[in-house]
Amino acid sequence: MKNAFVIFALATLALLSYGLYMALIVAPTEATMGDVQRIFYYHVPSAWAAFLCFAINAVASIWYLAKRGVKADAIALASAEVGVVFCTIVLITGPIWARPVWGIWWTWDARLTSTLVLWLIYVAYLMLRRFSSSGRAPVLAATLAIFGFFDVPFVYLSIRIFRTQHPQPVMGGGENSGLDPTMAHAFLWNLLAFTCYCLLVIWMRYRLQVAEQAVEDAHAERALGERA
């Protein structure tokens, strides 16, 4: 398992490095927006990574509610934490990209607002896990996560359903679809790199959470033994 982790980590590092090279060196400068468009190669993969994390969290939460498994709970918590980080990156890089292009940092359109709501839902999930002293906190958090995940498809479909300030998808349809082939390759390499990086960090956080749970269980058993 340790060797597999190391190999995956090295492969992820290689993909991230190559993705950076493709995005900053190989991909041509966009004619209208200029170099600020290169944020696209990190903004969109970060959004995809956040969606993937929240999907993993939803599946693990359902698994936990069905089986009350410790491992499912650890996966749910790890994926939520990583997902919030990537969603935060989306909310930071979006306005940085928008300011020189739109002339504003933020607008309350469907895509941006639903993304902010998604971030708030999972921040609430983490706060419930961290600060609630109730023994039912994992159950309540799992329920919140399952319902919160329904915002993910809404975020994805919002620019297709509503008329928004946010641009239409550049891949997979829409009037602005179709990237320069080199841009598309740079985007896809970064998408793969961020997917691997996302899974790697979840793996790391999961291992840490399992270790923390083992320590807590050991302390609980020790306390029971001292009382006996």
Touching a residue at least 40 places away in the same chain (Cβ under 8 Å), assigned to a helix (DSSP H, G or I) and either under 20 Å from Gly148 (Cβ atoms) or within 13 Å of the chain's Cα centre (by Cα) (or both): which single residue out of Ala47, Ala72, Ala66 fits that description?
Ala47
Which residue pairs have Cβ atoms under 6 Å apart, sit 6 or more places apart or on different chains, and have a first residue in region 86-108 that is part of a helix (DSSP H, G or I) and a second that is among the polar types (S, T, N, Q)?
Phe86/Ser46; Ile89/Ser46; Val90/Ser46
Identify, from the list Leu20, Leu16, the residue that is in contact with a Phe, Trp or Tyr (Cβ under 8 Å, 6 or more places away or on another chain), surrounded by 13 or more Cβ atoms within 10 Å (Cβ to Cβ), at pLDDT 95 or above and aliphatic (A, V, I, L, M).
Leu16
Suppose we keep only residues that are in contact (Cβ under 8 Å) with a residue 40 or more places away in the chain and buried (at least 17 other Cβ atoms within 10 Å of the Cβ) within region 24-42. Which one would you say is farthest from Leu91 (Cα to Cα)?
Ala27
Only one of (1) surrounded by fewer than 17 Cβ atoms within 10 Å (Cβ to Cβ); (2) farther than 19 Å from Ile75 by Cα; (3) at pLDDT 90 or above; (4) not hydrophobic (A, V, I, L, M, F, W, C) does not apply to Asn176, and that is (3)
Out of the residues in region 91-103 that are under 15 Å from Met33 (Cβ atoms) and touching a helix residue (DSSP H, G or I) at 6+ places or on another chain (Cβ under 8 Å), state the one that is modelled with the lowest pLDDT.
Val101
Of the conditions (1) farther than 21 Å from Val70 by Cα; (2) more than 15 Å from the chain's Cα centre (by Cα), Ala141 fails just one. Which one is it?
(1)
Scan of region 1-23 for residues that are under 19 Å from Val90 (Cα atoms) and not hydrophobic (A, V, I, L, M, F, W, C), ordered by number:
Gly19
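The values are calculated or read from the model by the stated rules, or taken from the named source; none is laboratory data. Quick caveat, the model's predicted, so the values are computed rather than measured. With ideal geometry, Cβ positions are generated from the backbone for all residues, glycine too; neighbour counts draw on all protein chains shown.
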